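To start, the structure under review is shown below, and the notes come after it.
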Amino acid sequence: MRCRLYVQQPLQIGQRVILPADQTHYLRSVMRLQRGDAVLLFNGEGGEFGALIDHLNQHAGELCVQDFFDPSREMGLNVHIIQAACRNEKIEHVLQKSTELGAASLHIVRSERSTLKLNEAKLQQRLQRWQKIVIEAAEQSGRTRVPSVSWHARLSDLPRLHLQGAGYVMHPAAAQSWQQLRASLTAHRDLRIAIGPEGGWSPAELQMLTQCDFTPLQFGPRIMRTETAAPAILAALQALL
């Protein structure tokens, strides 16, 4: 399998692509590639491009785009994960695994029971780190699109996200279960899945979510950790598809 790189620019056959220092180092020192070796490029807009290394040294790298492929590796369902903020290592786990499993977008939101607090400087650092995790997960997993990552300081921001599709808030005591609804879930083009923090959503938050057209849904008989829920749900949806 050829090495895959994400490049944040338009791509076309015949184009020459100049690589930043970190990707040059990765190809040269980690992957041990040389002039003439083939790599794959993608920019998150769908499809991927085959390219050959034209120049690679300690300081710079240059590729020449040769051809275009349009593999079908994305889910046939846009799943938007709304994850209540938790400890950073758990957020990173959710971002990485949800990207690998096909999430269309990821929204980290502070809730009443969230423990994560970020000032503006730390928030910008975290957003850069989170975006890097998502890009690397997309590169590794073969995805041709990169999910967006966003931070929201209040749950009341949700209506302004303008997310499409049916909404479900995961809750272990919900009246409706995954078994009852799973046949109809994949009939939607878009799904919004809201996952609470350790300790769950507060009653006021559950009321707010239901007012935003999120249906409470019980995923199974066991209560999962907050960082387990999104990957488990995405895997289950992928199996249904």
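General observations
- Residue satisfying all of: in region 140-166; more than 12 Å from the chain's Cα centre (by Cα) and in a helix (DSSP H, G or I); farthest from Gly200 (Cα to Cα) among these: Gln140
- Every test in (1) modelled with pLDDT of 90 or more; (2) outside any helix (DSSP H, G or I) is passed by Thr210 save one, and that test is (2).
- Restricting region 1-39 to residues that are over 20 Å from the mean Cα position of the chain (by Cα) and under 20 Å from Ser72 (Cβ atoms), the residue that is modelled with the lowest pLDDT: Met1
- The residues on offer are Leu19, Leu27, Leu56, and the sole one that is touching a Gly at 6+ places or on another chain (Cβ under 8 Å) and without any contact (Cβ under 8 Å) to a residue 40 or more places away in the chain is Leu27.
- Filter result (in contact with a helix residue (DSSP H, G or I) (Cβ under 9 Å, 6 or more places away or on another chain) and farther than 21 Å from Arg225 by Cβ) within region 106-130: Leu118, Arg129
- Some residue of region 83-103 being among the polar types (S, T, N, Q), touching a Lys or Arg at 6+ places or on another chain (Cβ under 8 Å) and within 30 Å of Val39 (Cβ to Cβ): yes
- Residue, surrounded by the most Cβ atoms within 10 Å (Cβ to Cβ), within region 197-206, restricted to residues that are under 15 Å from Ser156 (Cα atoms) and of a type outside the set (A, V, I, L, M): Trp201
Residues checked against (1) buried (at least 16 other Cβ atoms within 10 Å of the Cβ); (2) in contact with a Pro (Cβ under 6 Å, 6 or more places away or on another chain); (3) of a type outside the set (Val, Ile, Thr):
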| position | (1), (2), (3) |
| --- | --- |
| Pro172 | no, no, yes |
| Ala187 | no, no, yes |
| Ile195 | yes, no, no |
| Met208 | yes, no, yes |
| Thr228 | yes, no, no |
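The values are calculated or read from the model by the stated rules, or taken from the named source; none is laboratory data. For clarity, every value in this text was computed on a predicted model and none was experimentally measured. Please note: Cβ atoms are built from the backbone with ideal geometry, for glycine as well, and neighbour counts cover all protein chains shown.
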